[in-house]
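The next block holds one structure in the form of structure tokens; read it before the comments.
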Amino acid sequence: MAATGPSTTYREVEPGGDGLPAAEPGRPLPPALLYRPCDPAGLPFELVGELEDLLEPIGQDRAVEAVQFAVAMRRKGYNVYALGASGTGKHTLVRDLLRRRAEDTPTPPDWCYVNNFTDPQKPRRLQLPPGRGNGLRDAMKRLVQELRAALPAAFERDDYRARRDVIDQQFKQRNEQGFGELQRRAEQKGISMLRTPMGLALAPRRDGKVLTPELFEALPEADRERIQRDLEEVQGELEAVMQKVPQWEREHREAVRELNRNTTGAAIALMMDELRAGYCDFPDVVQHLDAVEQDIKENADDFLTPAQPPPGMPAPAPVEEAMTEARFRRYQINVIVDNGGQRGAPVIYEDNPTHQTLVGRVEYMARFGALVTDFNLLTAGALHRANGGYLMLDAQRLLSGNFGWASLKRALNADEIRIETLEQLLSMASTVSLQPEPIPLDVKIVLLGPPLLYYLLSGADEDFKELFKIAADFDDRVERTPETTLLYARFIAGVVRREKLLPIDRGAVARVIEQAARLVGDADRLSAGLREIVDLLQEADQLAAGNGKTRVTAVEVQNAIDGQFRRSDRIYRRLQEEIGRKTIRIETDGEQIGQVNGLSVMSLGGLSFGNPSRITARIRLGRGEVVDIEREVELGGPLHSKGVLILSGFLGGRFGGTRPLSLNASLVFEQSYGGVDGDSASAAELFALLSALAEVPISQSFAVTGSVDQLGRIQAIGGVNEKIEGFFDACGITGFTGRQGVIIPASNVKHLMLRQDVVAAAAEERFRILPIETVDQGMALLTGLSAGEPDAEGDYPAGTINHRIAARLDAFAAKAAELARNTAIPQARA
């Protein structure tokens, strides 16, 4: 990936090579080792816009290979967890990789839900080629509109009326025939059939007139008995005829329905055949259209009469129209996934991954004071939209979302998407809801999250290891080489074009690259936190535009860096101010026994800064214990406590071979009112302890950072730049003497990317950075005395620090032995 422009090969100068001095333990570092610059003259462009955009990520080959393998692997469980620090470009890189892969992947089908005419509570799914779902939906809408006009017309035609009249006449004739024959037989027996408000009644008749109860009682007893028998006989026949009437009515209604079905069928046959012909290759669609046709035949009255509101409830015209439309909702097509405009597979990012946003939801609408739902109110989730493609999710939001993680695992394990309410998911549903037919799931999931969450899930969730078998590990730093420097420049060129920034010259690019090394705390590495670089470029662009400039230079970049620190440095400046006012006691000159300036790093929000602390040690006769006061009061963290215990190991290893360590020592961070953790102050604590043992003063012009092992070797620590600058600023407040400086581990020299004012002070010999590799080198610098090497018998040269320590330990041991003897004599006498 070569940059465009001149063919000049860009080279960066590395410490220790190309004529630069190497670090010498115990000697001040030359300015060239305090800051590794990026030479603008070596960049092969004048303005960064001359370069091509960077198409591949910088230094993320491992992560790219993992993602590419995962998307190519179509087996179950090969989903991806992209782990890396925030701002490393995980989202952008994964999205671009997936989009390029998706372009060559077939476009997935449309998915629809339709009414289940057999069981409306269980809507059916339909699968159609991309773009065909909306076509079917629109076709069904046109069908309903045409039927609302065609069916009333069909039922108004003369042939239908004639056939309906025949059926009605047949029913009427059957009624008249049955009752007519009964009436003739009754009249032959002198009984009349009377129609009353209560129905048909029978009464005796004589001489063409109905007998009143008085006339009936006046008849001879034999006549009354005969008439009574006739009445009972005719009553029985009447009841038999009346029992046949419901059957005749049912047959009449069935004949009318059959006529309506035939009429409806004839009216819709052509339209349904045309509709079926367009989807003859899809059996599920044809089956659904058959069910639609059958339902229309059975419910033709819905197309003939307007909907009526409940009794006693007035209904304005718009409400009546809405009620009429509601009757035809069962014929609609709910297209929940439309891929008609999709080219290739979808790449979806869901920023709020909860149960409902992932698997879809069942919505409700108010109707006459009640909440109702149907298949038209089913809405798709992110899994539906990404089905057949790729779905990106933020892992932290997924786990903190409303049952999102559980729903995702369930869908991936079952290979299907089941739309259900939270009550159904938790088996707490107390009302009837929909149970849509599940949709098959074929999706590749990419979770984006921090490394710690990946390790926690891997250890605590068995499903996670089965479902996310690929880890795409994003590096937070890349090696600083001429090649990566040019790649960084191309990345900046792409940001300039994408964000429409002012032109950026090569001086500004060089300053940005130097800041990238500072961000990662390593002169030989560059930060992969590209978000911070983008923010810096945008802020520098704003400063240049605000000053009326036409391009961004190194001045604007530096001002933007200073502005970022300035906006967050209130606490840092307050601490420095209190050092200057002697509220916080930090001595930067003179000498003290058992006291040394330690260095720590504080992180507040996005700002990290160094803070000097006074560390003191006190020695007394005892049993060989080193007391960490911070730990005793529960202010010390485990790593700090470990560092203090290492000091005991060092003392025992160096001085405890020939004598008992009959001392007690206490160590403390003075004026420390918060927690202390980390082992970066263990070297400073050891120096204070050795000073107190040897009774040799330590120069307060120095601050010390570094950890130590039990063998007395000084080890690297983090935040070395911030620590040095923190003590440098404190010296600036208290006044430079030319003797001040910071002692650091020699293994930290390669991490130095100090501020220019610190580098300038070092060049003027007002401030020094001194690397050390051993405890003895540090004590020699701090005290001006040689540490001393043991001879063949283990004795140290007189006057050396180690000789002084050994002599004092011998004195402690002798005193302890004397006290033990004096204590033992009274006991023996007793």
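The values are calculated or read from the model by the stated rules, or taken from the named source; none is laboratory data. Please read all numbers here as calculations on a predicted model, not as lab measurements. Cβ coordinates were reconstructed from backbone atoms using ideal geometry, including for glycine residues, and neighbour counts include every protein chain displayed. Surface areas here come from the heavy atoms of the whole protein model, side chains and all, with no ligands, DNA or RNA. Shrake-Rupley method; radii C 1.70, N 1.55, O 1.52, S 1.80 Å.
Cα centroids of segment 734-760 and segment 557-609: 14 Å apart.
Inter-label distance, Arg250 to Thr550: 9.7 nm, where each label sits 7 Å from its Cα along the C-beta direction.
Determine, at each q value in 0.10, 0.16, 0.18, 0.21 (inverse angstroms), the log₁₀ of I(q)/I(0) that the Debye formula gives when each Cα of segment 29-146 is one equal point scatterer. Calculated log10 I(q)/I(0) at the listed q: -0.66, -1.00, -1.06, -1.19.
The order of His751, His355 by accessible area, most exposed first and with a 1.4 Å probe, is His751, His355. In nanometres, what is the gap between the two model label sites at Ala760 and Phe565, each 7 Å from Cα along Cα-to-Cβ? Each label point is offset 7 Å from its Cα along the Cβ direction, giving 1.2 nm. At the listed q of 0.18, 0.23 Å⁻¹, the Debye profile of segment 722-829, built from one uniform point per Cα, gives log10 I(q)/I(0) equal to -0.93, -1.18. Just to verify a number: FRET efficiency for Leu711 and Glu24, C-beta to C-beta distance, R0 = 22 Å, to 0.05? Step by step, r from the Cβ atoms, then E = 0.55.
Considering only alpha-carbon pairs that sit under 8 angstrom and 6 or more positions apart, the relative contact order computed for the chain is 16 percent. Approximating the spin labels as points 7 Å out from Cα along Cα→Cβ, the Glu499-to-Glu363 distance works out to 3.8 nm. Subtracting the Cα-Cα distance of Arg74 and Lys172 from their residue separation scaled by 0.36 nm leaves 28.1 nm. For segment 130-175, the spread of Cα positions along the three principal axes, ordered from largest to smallest, is 59, 18, 11 Å. For Thr734, Thr118, the ranking by accessible surface with the largest value first comes to Thr118, Thr734, using a 1.4 Å probe. For the pair Leu607 and Ala370 in one chain, pulling the backbone fully straight at 0.36 nm per residue adds 79.7 nm over the alpha carbon distance.
With all protein chains in place and a 1.4 Å probe, the accessible surface of the chain carries 50 percent carbon and sulfur. Taking every protein chain into account, the accessible area of the chain amounts to 49 square angstrom per residue (probe 1.4 Å).
A Förster radius of 35 Å, combined with the Cβ-Cβ distance separating Gln592 from Arg821, puts the computed FRET efficiency at roughly 0.45.
Whole-percent P(r), the chain, all Cα pairs, 10 Å bins from 0: 2, 9, 13, 13, 12, 11, 9, 7, 6, 5, 4, 3, 3, 2, 1, 0, 0. Per residue, the chain reaches -15500 deg cm²/dmol at 222 nm when only DSSP H runs of four or more residues are counted, each adding -39500 (n - 2.57). Stokes-Einstein diffusion for segment 458-610, with the hydrodynamic radius set to the Kirkwood value over Cα pairs and evaluated at 10 °C in a medium of 1.306 mPa s, equals 84 µm²/s. Grouping the Cα pair distances of segment 664-736 into 10 Å bins from zero gives a pair-distance distribution of 16, 45, 36, 4 percent in increasing distance order. A 1.4 Å probe, protein heavy atoms only, puts the accessible area of Tyr364 near 100 Å².
The gain in end-to-end length when the Ser458 to Ile733 segment is fully stretched comes to 94.0 nm, 0.36 nm per residue minus the alpha carbon separation.
Put simply, the C-alpha atoms of segment 672-780 give a gyration tensor, and the ellipsoid matching it has half-axes of 22, 16, 14 Å, longest first. Accessible area per residue was computed with a 1.4 Å probe on protein heavy atoms; Leu275 scores about 20 Å².
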